[in-house]
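K.L.:
Here you go, one structure.
None of the figures in this text is laboratory data; all of them are computed from the coordinates on show. Note that the structure is a prediction, hence the values are computed from the model and not measured. Quick reminder, even Gly has a Cβ in these numbers, built from the backbone with ideal geometry, and neighbours come from all protein chains shown.
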Amino acid sequence: MASVRFEQVTKQYENGYIAVKDLNLEIRDREFLVLVGPSGCGKTTSLRMLAGLESISSGNLYIDEQRVNDLPPKDRDIAMVFQSYALYPHMSVFDNMAFSLELQGVSKPDIQKRVQQAAQQLGIETLLERKPKQLSGGQRQRVAVGRAIVRDPSAFLMDEPLSNLDAKLRVQARAELNKLHKRLGTTFIYVTHDQVEAMTMGSRIAIMNQGILQQVDTPQTIYEKPNNIFVAGFLGSPSMNFLNATVKRQNDQLFVKTDSFSLPVTHHQDSVSPYLDRPVILGIRPEGLYHPQYLPPGITPISIQAEVSVVELMGHELIVYATLADSSEIVARLDPRATLTPGESITLQIDSQRLHLFDHETEQAI
């Protein structure tokens with residue numbers, strides 16, 4: 001098993017472009033850590049530096065406290081699953097899975113045993129004689145994972161391995177990879193741009209943007225306490241609503257005032273009070289808005305008025321796009337029993353316990 005530590009790691013290319021800047025990240029032994037962010041954020045480059053496929057411009061990279069900056073990939077005791085699967089088309093599934101073991105000089109009986117065990121774990125034991133072109137996308141993905149499993153590495157590195165699958169298969173494959181992680185008890189480091197994969201698979205999430213690590217924590221903590229506007233807007237679908245606002249005081253009570261409504265500050269007044277009469281960004285998640293008829297218990301509601309512009313019935317929920325009095329757009333995730341039509345005026349209830357405030361200039365959470 002393996003722990004991994006990035007220490008002030010930077011990757012700068014010859015043209016001056018900095019793909020990863022001063023990355024400090026510790027990945028615990030047996031952890032399932034997901035690196036997530038938009039395209040070009042540096043997540044795959046970080047993974048490739050760990051694999052030894054990219055050189056490190058500065059900083060140090062450790063695997064189990066051994067500095068591996070100059071260690072060849074074959075000596076790092078890791079296995080990588082690529083987005084493209086990278087299967088050899090002329091080889092059978094068995095030969096694809098056995099190839100790396102043959103290069104290592106593993107005995108034929110041991111190769112047979114390892115491949116059979118991995119195939120059984122992944123449910124592909126009946127496919128061992130087939131060629132990759134005879135497999136579905138989901139089956140190829142399992143073979144690629146199986147090829148990594150047979151090596152019995154200290155850590156698995158996965159670079160968007162589910163991106164070529166259709167929506168239904170992706171859901172199934174997410175569950176299978178989670179089960180596999182628990183079964184193997186090995187360190188998994190997984191790269192994706194898909195926030196749903198990050199939220200459902202990772203024991204912790206590391207969010208990157210423009211080569212810089214933004215926040216590392218459990219999915220629930222990041223969802224509830226994002227460090228900044230980027231993190232708040234990246235996790236959650238539909239994403240968080242952001243409204244321009246100002247902090248005001250009235251009768252010894254602090255309020256966050258937009259051009260359409262005012263909300264009392266019920267928590268963290270000491271943190272908010274320095275922003276008195278200053279502009280801030282108010283964040284409201286779509287699931288923090290409710291239809292008045294379907295308000296759950298335990299909510300301290302505050303009413304706002306809006307006009308419905310678009311309604312999307314998803315079966316288990318209703319996604320409503322609405323316009324406030326100042327023409328600001330807002331998105332709400334409502335109970336599917338609500339009956340709404342475009343052009344209709346609606347009173348939305350805000351959960352006052354689920355508000356987020358951000359510094360207007362730095363975009364950091366207040």
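K.L.:
Compute a Gaussian network model of the chain, connecting alpha carbons closer than 10 Å, and tell me which residue from Lys182, Lys168, Lys133 fluctuates the most.
P.N.:
Between Lys182, Lys168, Lys133, it is Lys168 that shows the largest mean-square fluctuation.
K.L.:
While we're looking at this one, here's another question. Only Cα pairs under 8 Å and at least 6 apart count here; give the relative contact order of segment 4-234 as a rounded whole percent.
P.N.:
Contact order relative to length: 29 percent.
K.L.:
So for the pair Phe99, Arg278, with labels modelled 7 Å out along Cα→Cβ, what separation do we get in nm?
P.N.:
Placing both labels 7 Å beyond Cα along the Cβ direction yields 5.8 nm.
K.L.:
Determine, for the chain, the count of lysine pairs separated by eight or more sequence positions (or lying on different chains) whose alpha-carbon distance falls under 13 Å.
P.N.:
Step by step, the pairs that qualify in the chain add up to 4.
K.L.:
Segment 347-366 to segment 214-242: how many Å between their Cα centroids?
P.N.:
When both Cα centres are located, 12 Å separates them.
K.L.:
Assuming a ≥ b ≥ c are the square roots of the Cα gyration tensor eigenvalues, decide whether segment 107-209 counts as rounded (a/c under 1.5), prolate (otherwise, with a/b larger than b/c) or oblate.
P.N.:
Values: a/c = 2.29, a/b = 1.44, b/c = 1.59.
Here segment 107-209 falls in the oblate category.
K.L.:
Report the net charge of residues surrounding Gln305, where surrounding means a beta-carbon distance below 12 angstrom and charges are Lys +1, Arg +1, Asp -1, Glu -1.
P.N.:
Surrounding charge for Gln305 is -3.
K.L.:
How many angstrom lie between the Cα centre of segment 182-208 and the Cα centre of segment 1-64?
P.N.:
When both Cα centres are located, 15 Å separates them.
K.L.:
While we're on this one: Provide the FRET efficiency to the nearest 0.05 for the Tyr294-Tyr62 pair, computing r from the beta carbons and using R0 = 56 Å.
P.N.:
That gives a FRET efficiency of 0.60.
K.L.:
Gain in length, Tyr13 to Leu313, computed as 0.36 nm per residue apart minus the alpha-carbon separation, to one decimal in nm? Don't skip to the answer; put the middle values down first.
P.N.:
On the way: separation 300, 0.36 × 300 = 108.00 nm, distance 4.69 nm.
Contour length minus the Cα-Cα distance gives 103.3 nm.
K.L.:
Hey, another quick one. Given Cα positions, please report Rg to Rh for segment 4-234, the hydrodynamic radius being the Kirkwood one.
P.N.:
Rounded to two decimals, Rg over Rh is 0.97.
K.L.:
Still on this structure, I have one more. What is the angle, in °, between the Cα long axis of helix 137-149 and the longest principal axis of the Cα atoms in the chain? Nearest 10 is fine, range 0 to 90.
P.N.:
60 degrees
K.L.:
I've got another one for you. I need the Kirkwood Rh of segment 76-164: take the reciprocal of the average 1/r across all distinct C-alpha pairs and report it in angstrom. Kindly include the intermediate steps, with their values, before the conclusion.
P.N.:
Numbers: mean 1/r = 0.0777 Å⁻¹.
Hydrodynamic radius (Kirkwood, Cα pairs) of segment 76-164 is 12.9 Å.
K.L.:
How far is helix 93-103 tilted, in degrees, relative to the longest principal axis of the Cα atoms in the chain, given as a value from 0 to 90 rounded to the nearest 10?
P.N.:
Result, in degrees: 70.
K.L.:
Considering every pair of different Cα atoms, what Kirkwood radius, in Å, is found for segment 243-359?
P.N.:
14.8 Å
K.L.:
Nearest 10 degrees is fine. How inclined is helix 108-122 to the longest principal axis of the chain, computing both from alpha carbons?
P.N.:
Once rounded, one gets 20 degrees.
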